[in-house]
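Engineer: Quick one: structure below, then a few questions.
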Amino acid sequence: MSAVMAKASRLLAGRVRPADSGVILGALPVPVILLDAGNNFRFVNHAAEQFLGISAASLAQLRLNDLLPADNPLFLLIDQVRASEATISEHDLTLESPRLHKQGITVQGTALPEEPEAVLLVIQDASAARALDRQLAFRGAARSVTGMAAILAHEVKNPLSGIRGAAQLLETSVGPNDRELAELIRDEADRIRALVDRMEAFGAKPIARTAVNIHRVLEHVRKLAQSGFAAHVRFHELYDPSLPPVWANRDQLIQVVLNLVKNAAEAVTQEGIAHPEITLATGFQHGVRVAVPGTTERLDLPLFVAVRDNGPGIAEDIRPHLFEPFVTSKTTGSGLGLSLVAKIVGDHGGLIEVDSRPGRTEFRLHLPVVTEKDADQ
Ligand SMILES: Nc1ncnc2c1ncn2[C@@H]1O[C@H](COP(=O)(O)OP(=O)(O)OP(=O)(O)O)[C@@H](O)[C@H]1O
Ligand SMILES: [Mg+2]
């Protein structure tokens, strides 16, 4: 999307021959709108006409304020773009008026240096997002009760049955004193299992958060991976050491990164990939915001964590359902890893994006950083 943005703003800034710019912008499958200082429509491409359901000729006589009520968050975004002269994107917007009914819209607003006060809007709706091979899983993914139950089963019961099985084996081979201990392990494992079964009936609980150093989390997972399932994989670290701590539950973040790294390692462990590689990257990416459900509050998510691999890419048939439970292409997979990831990231008020093609798959997390308000708690 940002490549589209860059292209669009270059074209509109007149650095490319004007004869080309109209044609190219017209052909872009993404709605592009240029507003002047008074929010009049200065330019709309064909996709924008379709999106708004109004012809360019009619739009030329209108202002954005004629289409949307003044309290639509889109106006806040536009004001912020004008004030900051930065690119800001907002996810999961609703554009609702007598003329428009659009939900789950992502809008990127950008200032044009050559045109003070003008704002370029690039719009992505859910179906366009799929077409662009760029998927966003919003908060709320995998929140269903069955999803939650399955996630618990995935993360607790499986290792637990391993522990129980090992204890049972020990019972048969050790002396009477040690047998008692092995029985204790088995009974306790059963007790935890019963507890998990009961917990499955309840939904998510508020999570306990602290200031977490994301690099320590990444290094922890990298060491785990390299001493086990990803011993054959070469790791690269591209860390921005100046990053502030994230406001998170450390154990849950480890689970998130571990699931992503495990998927990456499984993706690069295939025939034909001579040099399996995983890159862990962190950095700042300003202008990513999400709405806090049920409020007008907007959360800034300036920090990103990326897990990238050079595997074959996500299979076409999996993509539309990537974050749903039980979606898997693996014979031994349960398809719960990414639904767990989406759930935890959503609970943290974060966002996850995917960009995948053969030879390069990247999962990018956007996470909230510690604010003064959190630090006071
Ligand atoms: N890095 C990746 N490269 C290619 N495909 C991926 C990648 N990550 C996930 N996938 C695809 O998404 C599917 C779902 O992943 P998910 O982690 O939810 O489940 P799983 O890995 O199949 O099973 P589990 O995590 O429960 O062991 C995978 O089966 C795989 O097809
Ligand atoms: Mg997995």
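Taken together, the values in this text are just the output of simple stated rules run on the coordinates, not laboratory data. The structure presented is a predicted model; accordingly, all values stated were derived computationally and were not measured. Please note: Cβ atoms are built from the backbone with ideal geometry, for glycine as well, and neighbour counts cover all protein chains shown.
Engineer: Greater than 29 Å separation of Cα atoms is the criterion. Which listed pairs, 102/330; 102/343; 102/262; 157/343; 343/373; 223/373, meet it?
Structural biologist: Over 29 Å apart, Cα to Cα: 102/330; 102/262; 223/373.
Engineer: Stretched out fully, how many nm does the piece from residue 169 to residue 66 gain, at 0.36 nm a residue minus the Cα gap?
Structural biologist: Gain on stretching residue 169 to residue 66: 29.7 nm.
Engineer: Could you work out the relative contact order of the range 296-350? I mean the mean sequence separation of Cα pairs under 8 Å and 6+ apart, divided by the number of residues, in percent.
Structural biologist: 25
Engineer: Put one equal scatterer on each alpha carbon of the range 210-376, apply the Debye formula with no solvent term, and list log10 I(q)/I(0) at q = 0.12, 0.17 1/Å to two decimals.
Structural biologist: Ignoring solvent entirely, the Cα scatterers give -0.53, -1.05.
Engineer: Lys and Arg at +1, Asp and Glu at -1: add these up for the other residues within a Cβ distance under 15 Å of residue 212 and post the number.
Structural biologist: Around residue 212, the charge tally is -1.
Engineer: Would you mind working out the magnitude of the charge dipole of the range 212-255 relative to its Cα centre, with +1 at each Lys and Arg C-beta and -1 at each Asp and Glu C-beta, to the nearest 20 Debye?
Structural biologist: In debye, rounded to 20, the range 212-255 gives about 120.
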